[in-house]
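Some notes on the structure that comes next.
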Amino acid sequence: MAIMAPPRTSAGPAQQVVGFRTGNEMAALSAKQINFHLMGYYPITPSTEIAELLDEMKAAGQHKIVMVPADGEHGAAGICYGATTGGGRVFNATSSQGLLYSLEELPVQSGTRFPMLLDLATRAVSGPLDIRGDHSDVYYALNTGWLIFTARDPQAVYDLNLIALRVAERADVRLPAIVAFDGFFTSHQKRRVSTFEDDATVQGWLGPVRETVTALDPRHPVTIGPYMNDPDLINNKYQLERAMGAALTALPEVVAEYERLSGRRYDPLDLYRMDDAEVAVFLVNSAAQTAKDVADRLRAEGVRAGVISPNVIRPFPADAIREALRGVRAVMIGERSSSFGAHGANLSHEVKSALKDDPENRTLCLSRVYGLGGRDFYAEDAGAFFQLATDAAERGAVEVPFDYYGVEPGDPAKQRPRRGTPPLTREEMTSGLLKVEQGPDGRLQVEAPPYWQLATKPKRVVPGHGACPGCGMFPALDQFLRGIEGDVVVLYQTGCAMVVSTGYPFTSHRVTYVHNLFQNGAATLSGLVEMFHERQRRGELSADEDITFVMVTGDGGMDIGMGAAIGAALRNHGMIVVEYDNQGYMNTGSQLSYSTPLGHMTSTSHVGPAQQGKTFHHKDTPQIMAATNMPYVFTGVEGYPDDLVAKAAKAQWYAKHRGSVYGKVLISCPLNWKTEDRVGVDVVQAAVDSCFFPLYEIEDGITHITYDPEPIGRRIPVGDWLKLMGKTKHLCKPENAATLASIEAEVERRWLRLKAKHEHPLL
């Protein structure tokens, strides 16, 4: 990839400093210098780092942006929209499924004309899941009414954030804006950059926030987002279209002003050696830099080659496209996305449409989808693109207008070697050692053998996964699943357990496994459960078939997926939801989730002079799920295998006879808890003995504590547990005494409430 900065036409009057930064670092720095009022956010790779960096700067006292961690990207979009109606500057950052999850919010904001800035570190869209960078997410935003700028390198991320916001806030525009840059290619790769030395330079250039409609002026009440009938809605959309046109008209003026300030210029199209080009490639973002190197080489060989790369795709710069391609014989349009069945991705059709409106233009157009799932784009690939354009120019015709580039067909003669062990049989997984019966009080009584006897049952998740050393995830799940007899189908929501156990084409699962995203796992499994029973009723599946359905969630899955889980519980499907609680959003690098306790340090709740970890208490998920009146709820830990196995056996009985089950299992995460690999069970034991994580179950609404450390003299202060983890040692310092007291008080309040329920015959 070429290492190039945008062209400098002058030094610019503002004082700047030279550095070496990534795209995410430049996004965070620009947000800090802009001094947004608020950022609503939710972690997702590869944009998560932006919020992490801003939180780190906030903890150090470098800015005062209000950082609001949402329960999911849909919630983050709502937080941001609500904030914009209050008249301040608002920022967000997301990627991939995060953009799609928030998608329905985007037209709401553009239709009501409230500007803000959203940085999009572009990434492949599931399914199957792929976390590397392509453009399939940003293409979904093309019809949302948002301005969309495209930044090909870290310098452009910084500069276009300022330009985009300036355009978005103009009185004749007032639209929200996206700045999209390539996930990992740009978001995580460092480049030489220049940034303004003084935050006041940025804030002075942007000026104060324009006073317009606000929901925060009771003396002037307004109605935001009314119901509209015909013809009001079409008039509204016509106004939005005119605002897009105003943005395109305003862009040259804003670009010129920014050039005078910075010495860098961003026209709607970045044109490289296009003055006399006969063949060209059209590429969005980082791949264009690679193509520029190849264009130089081809020029040395006598080929008049050029590169076109847009800095903005909404509004689409049709006039500039027509002008740039007027003398070009053939252009190869490469896109990191596809519009399935449309014979070309979106921008290919828009380029062709722009050219068709120019009767003097005879440019031949080829379209190729490339680089999906973050596949690298090398100089050889750019050379192949130029060759396609050259061949078409020489023939005077296009033989294959549209195709995929870089596809590798499989060889039917070769069979991929099998890895792992054969599927489990029902007989293997039915030990006969576990017996579950209802006692005279209605509670289930479990007769279980010593845990070592159950060790003869094969593992449903076999070794070979990629979990971190000391991770308690799979040991705890293995203990739980040993309490489940017979056939099992599992669904994993996105998270550590899913990512490390199913790297294509291999799997660590010896049972049928299904994946769906954080926000919809419980709904997905409930559909499978009902299909199973319906096919049995119709005689399409044997009545002897007996399957236990288990959903494994964690890493924030009971934040973003809480709505679907509550919905499934209220419908009371026969299924078990097991949450591994690692106290954070670990699969993307230890961001806070709502399971993170007060004061705990994560990468989005830093510790510094202005901030001491997470600012609010953790969510009591078992009590929330119990409030749905589901028949069985439990908690467990790896260190109490007999307790966990017995609860698993009960969970299976309830799922087969009564309906939905939820269980929360505390597991160690040495990497992000900052502990030694070998002490995970000790740390979890301390969480239980401090009553931070009590062991109990709720059967038909009746609470029973299954381990009470107080009568046996094992209860310890919460601080003794916190001292065992690097992420919480700061809470034991004198300056954080108030926070520690708040944690202790909340733990005691919840424990006393639990004991009261345990002692009450109806609770």
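The values are calculated or read from the model by the stated rules, or taken from the named source; none is laboratory data. Because the structure is predicted, anything quoted here is derived from the model rather than measured. Cβ coordinates were reconstructed from backbone atoms using ideal geometry, including for glycine residues, and neighbour counts include every protein chain displayed. Calculation scope for accessible area: heavy atoms of the full protein, side chains included, ligands and nucleic acids excluded. Shrake-Rupley method; radii C 1.70, N 1.55, O 1.52, S 1.80 Å.
Structural remarks
- If R0 is taken as 22 Å, the Cβ-Cβ distance between residue 222 and residue 616 corresponds to a FRET efficiency of 0.10.
- Counting only protein chain heavy atoms and rolling a 1.4 Å probe, the accessible areas of 119, 275, 232 rank, largest first, as 275, 232, 119.
- Column: log10 I(q)/I(0), Debye, Cα scatterers of region 111-195, q = 0.16, 0.20, 0.23, 0.25 Å⁻¹: -0.64, -0.90, -1.07, -1.16
- Counting only Cβ charges, +1 for Lys and Arg and -1 for Asp and Glu, the dipole size of region 636-763 around its Cα centre is about 300 debye.
- Think of a 1.4 Å ball rolled over the protein heavy atoms: the chain then has 41 Å² of accessible area per residue.
- Label-reachable residues, region 570-592, where backbone N falls under 18 Å from a point 7 Å from residue 733's Cα toward its Cβ: none
- Across the accessible surface of the chain, with the other protein chains kept in place and a 1.4 Å probe, carbon and sulfur atoms take up 53 percent.
- Extension gain from residue 400 to residue 455, taking 0.36 nm per residue of separation minus the Cα-Cα distance: 13.8 nm
- Evaluated at q = 0.21, 0.22, 0.25, 0.26 Å⁻¹: base-10 log I(q)/I(0), Debye formula over Cα of region 378-453: -1.06, -1.10, -1.18, -1.21
- Average projection area in nm² (convex hull over Cα atoms of the chain, one quarter of hull surface): 38.9
- Counted over all Cα-Cα pairs of region 529-569, pairs farther apart than 14 Å make up 60 percent.
- Restricting the GluC sites (Glu not before Pro) of region 288-358 to loop positions (DSSP other than H, G, I, E, B) with no more than 16 neighbouring Cβ atoms within 10 Å leaves 301.
- Largest first, the extents of the alpha carbon coordinates of region 245-355 on the three principal axes equal 39, 37, 25 Å.
- Derived scalar couplings ³J(HN,Hα) [region 607-614; Karplus, 6.51 cos²θ - 1.76 cosθ + 1.60; whole Hz; x for Gly, Pro]: 10, x, x, 9, 7, 10, x, 4
- Interatomic Cα distance distribution for region 36-131, bins of 5 angstrom, percent: 3, 15, 24, 25, 18, 10, 5, 1, 0
- Computed over region 565-697, the P(r) curve from all C-alpha pair distances, binned at 5 Å from the origin, holds 2, 10, 18, 20, 19, 15, 10, 5, 2, 1, 0 percent per bin.
- Fully extended contour minus Cα-Cα distance, from residue 430 to residue 108, at 0.36 nm per residue: 110.6 nm
- Cβ charges +1 (Lys, Arg) and -1 (Asp, Glu), total dipole of the chain, debye: 460
- Computed over the Cα atoms of region 643-733, the ratio of the radius of gyration to the Kirkwood radius (Rg/Rh) comes to 1.05.
- Rounded if a/c under 1.5, otherwise prolate or oblate - region 396-492, Cα gyration tensor axes: prolate
- Computed over the chain: relative contact order in percent, which uses C-alpha pairs under 8 Å that are six or more apart: 10
- Computed across region 412-553, the Kirkwood hydrodynamic radius from all distinct Cα-Cα pairs reaches 17.2 Å.
- Rg/Rh, computed from the Cα trace of region 187-250 with Rh as the Kirkwood radius, has the value 1.16.
- Share, in percent, of DSSP beta bridges within the chain that are antiparallel, nearest 5: 30
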